[in-house]
Amino acid sequence: MWGENYSKEELLALERKYTVQSWDASRLKDPILVEREEGVFFWNRRGRRYLDFSAQYGSCNVGFRNKEMVEALQRPLKFGSVSAMFVHTLRIQLAELLAKIAPGNLGKSHFECTGSDAVEAALKFARKYTKKWKIMSLWEGYSGEGTLGALSAHGLPDSRFDFEPLLPGFVHVSPPYCYRCDFGLKYPDCGLACLDVLEKTITREGHMAGMILEPVPAGGGVIIFPDEYLPKLREICDRHHVLLILDEIVTGFGRTGKMFCCEHSDVVPDMLVIGKGFTSGYGAAAAVVVPEHFTIYDCTKPQETRQCHSMSGSPLACIAAITNINIILRDKLVENASEMGKYLLEGLRDLQEKSDIIGDVRGKGLLVGIELVKDKKSKEPDKDKEREIIEKCIQRGLIVEGRCGGPQSVIVLHPSLIVNKEHIDTALDILSDVIK
C-alpha cells in the first residue's frame, strides 16, 4: 500500500505540500494519521485505538468498515459512471426507497453529491418554485460551507468573514437558543418571542421564498428547540406562503432517535435536505426530497434552467445509500439511537451536577452538546477550556468535536448509531476525568 515506507512526519509534510485543506490536522497538538477503522473505533499507525464519538462529522451512522457496506461496494457493476442525462435502475430504486421512509407526502428526490450541494439546490428550487428571491435562516445554524449560496444561509459568522460580501437576499433571525436567549427572556414565559420577531421579519422583508433551518442546529452547539417551535414555524410559513426547508444533513437517518428529526414534532417540510448519514460516508451523496406534486422542472422546455452535477446519483453512491438505509432499518439503529441517547444524556447530567464548568447538557438521540462556562451564574463561555478538553480527550483515546466557531464553548457528541452502553460508559469515564 502506498505510503507504508513513509514516516508519519513525512506523510503530514506531503499532505501540506500537495493538498489544500481548510480542516488542517496540524491544528491538533499531535495530528492523528488514521491507519484502519472498525465499528466505533479507529487506530493510528502506532496501533493506538480511539473511540470516535464524532462519527467523522456525524456521517458514519452504521459504523466504520461495516462488512455489508464494504461487500456491496466491491461487487462487480454492470455500469460504473452514468450521468444525470441517462437513467439507471439503482437511482430509481433509491428514489423509491426514500419515498417510502420520508415523512408525509415527500416522495420525489433530486440527487446531489454533498450536503452543501443539496442546500444550494434547495435554495434554487425555492426561488424557482415561488418566483420570490429572499431566503431566511437562523443565526447559529450550519447550512454548509461548500457553496456561496449555502454559506449565505449559514448562520455561524466565523465561517463567513473571508468570503464576504455574500449573496443578496439572505435574512437571518435569532434561534430559540433558550440557554442564551438573544432577547434576554426565559422560556416558557417568553411566549417564543423569537417566532414573533421571525414572522414580523417575513412581513417587513417581503419576497420571502423559503425558510431553511436544521431541526437541531448541530454545528451551532446542538440547540434543542422547544417542542412547539417547529409546529408554530410551519404555521407561519403556511400563513405567508413561504417554503419550509428542513436541513437534516446531520439529524437524518436515525441520528435523533427518529428516522428524521422532524418526526418528533409531526412536521412535514416542503423540502427535506439530506446527506452525511444518507450513505454513512461510504459514498458521496446527498438529496433534496420534495412532495410528489412539487413541479420544479419541465424538461420538455429547451430554455429550462438546470441544477445538476455530472456525478449526482452515481451508481456507486446509490448502492452505498440503499445498503446503508436497509442496514439502519433492519438493525433497528433508529431505536438504538433513542435508547443510547437517553443513557448518554443521563450520564452527562450526572456529570453536570458535579462540575462547576458545565452550564448546560442538551440533546436528542445521539446528538448531544455539553456547554462549557467559566461559572454557571455568569454563563461566560470558555473557548480555551473547550480546546483543552478536546485535546485531553484525544490523549485519552476519545474523539469529540467542538462548536463550529463563535464565542460559545460546546463539546459536541454524535457517535455512530451502533454505539452501546459499554462505549458510552468509557466515554463518560474519560469526560469525567478531563472536565474538572
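The values are calculated or read from the model by the stated rules, or taken from the named source; none is laboratory data. Note that the structure is a prediction, hence the values are computed from the model and not measured. Cβ: placed from backbone, ideal geometry, glycine included. Neighbour counts: every protein chain shown.
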| For the range 88-206, list the helices (runs of 4 or more DSSP H) that sit wholly inside it and hold at least 1 residues that are among the polar types (S, T, N, Q) and closer than 27 Å to His241 by Cα; which are they? | 115-130, 148-153, 193-205
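Working carefully through the options Gly184, Gly191, find the one that is modelled with pLDDT of 95 or more and closer than 15 Å to Phe225 by Cβ.
Of the residues listed, the single one that is modelled with pLDDT of 95 or more and closer than 15 Å to Phe225 by Cβ is Gly191.
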| said: Against the definition (at pLDDT below 95 and out of contact with any strand residue (DSSP E or B) (no Cβ under 6 Å at 6 or more places or on another chain)), how does Gln74 come out, yes or no? | reply: yes
| If you check every pair at least six apart or on different chains, which have Cβ atoms under 9 Å apart with a residue in the range 396-407 that is more than 12 Å from Val40 (Cα to Cα) first and a residue that is of a type in the set (Phe, Trp, Tyr) and assigned to a loop (DSSP other than H, G, I, E, B) second? | Val400/Phe53; Glu401/Phe53; Cys404/Tyr142
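Let's see how each residue does on (1) polar (S, T, N, Q); (2) out of contact with any Ser or Thr (no Cβ under 8 Å at 6 or more places or on another chain):
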site: Ile274; (1), (2): no, yes
site: Thr295; (1), (2): yes, yes
site: Arg306; (1), (2): no, yes
site: His309; (1), (2): no, yes
site: Ala320; (1), (2): no, no
site: Leu333; (1), (2): no, yes
site: Lys342; (1), (2): no, yes
| query | Looking at (1) in contact (Cβ under 8 Å) with a residue 60 or more places away in the chain; (2) under 25 Å from the mean Cα position of the chain (by Cα); (3) part of a helix (DSSP H, G or I), which is the one condition that is false for Glu386? | reply | (1)
| note | By residue number, the members of the range 122-175 that are farther than 21 Å from Cys404 by Cβ and polar (S, T, N, Q) are Thr130
| request: Test Glu335 against the criterion of being farther than 24 Å from Val250 by Cα and surrounded by fewer than 22 Cβ atoms within 10 Å (Cβ to Cβ), and give yes or no. | output: no
| Condition broken by Lys421, with the remaining ones in (1) loosely packed, with under 15 Cβ neighbours inside 10 Å; (2) over 24 Å from the mean Cα position of the chain (by Cα); (3) modelled with pLDDT of 95 or more satisfied | (2)
| remark: Taking the range 45-70 and keeping only residues that are outside any loop (DSSP other than H, G, I, E, B), buried (at least 21 other Cβ atoms within 10 Å of the Cβ) and touching a strand residue (DSSP E or B) at 6+ places or on another chain (Cβ under 8 Å), one is left with Leu51, Asp52, Gly58, Phe64
| request: Identify, from the list Glu145, Glu112, the residue that is buried (at least 23 other Cβ atoms within 10 Å of the Cβ) and either assigned by TED's automatic domain parsing to the domain that holds Glu199 or in contact with a Leu (Cβ under 6 Å, 6 or more places away or on another chain) (or both). | output: Glu112
| query | Got at least one residue in the range 372-381 being more than 26 Å from Arg45 (Cβ to Cβ), outside any helix (DSSP H, G or I) and β-branched (Val, Ile, Thr)? | reply | yes
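Would you confirm, using the coordinates I've provided, whether Ala150 is assigned by TED's automatic domain parsing to the domain that holds Ala287, surrounded by 17 or more Cβ atoms within 10 Å (Cβ to Cβ), closer than 23 Å to Gly283 by Cα and without any contact (Cβ under 8 Å) to a residue 40 or more places away in the chain?
Working: assigned by TED's automatic domain parsing to the domain that holds Ala287: yes; surrounded by 17 or more Cβ atoms within 10 Å (Cβ to Cβ): yes; closer than 23 Å to Gly283 by Cα: yes; without any contact (Cβ under 8 Å) to a residue 40 or more places away in the chain: yes.
The answer is yes for Ala150.
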| What's the number of the condition Pro302 fails, among (1) more than 20 Å from the chain's Cα centre (by Cα); (2) at pLDDT 95 or above? | (2)
| Looking at Ala13, is it small (Gly, Ala, Ser) and surrounded by 14 or more Cβ atoms within 10 Å (Cβ to Cβ)? | no
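Per-residue answers, yes or no, for (1) over 25 Å from the mean Cα position of the chain (by Cα); (2) over 14 Å from His309 (Cβ atoms):
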position: Gln74; (1), (2): yes, yes
position: Leu77; (1), (2): yes, yes
position: His88; (1), (2): yes, yes
position: Gln93; (1), (2): no, yes
position: Thr114; (1), (2): no, no
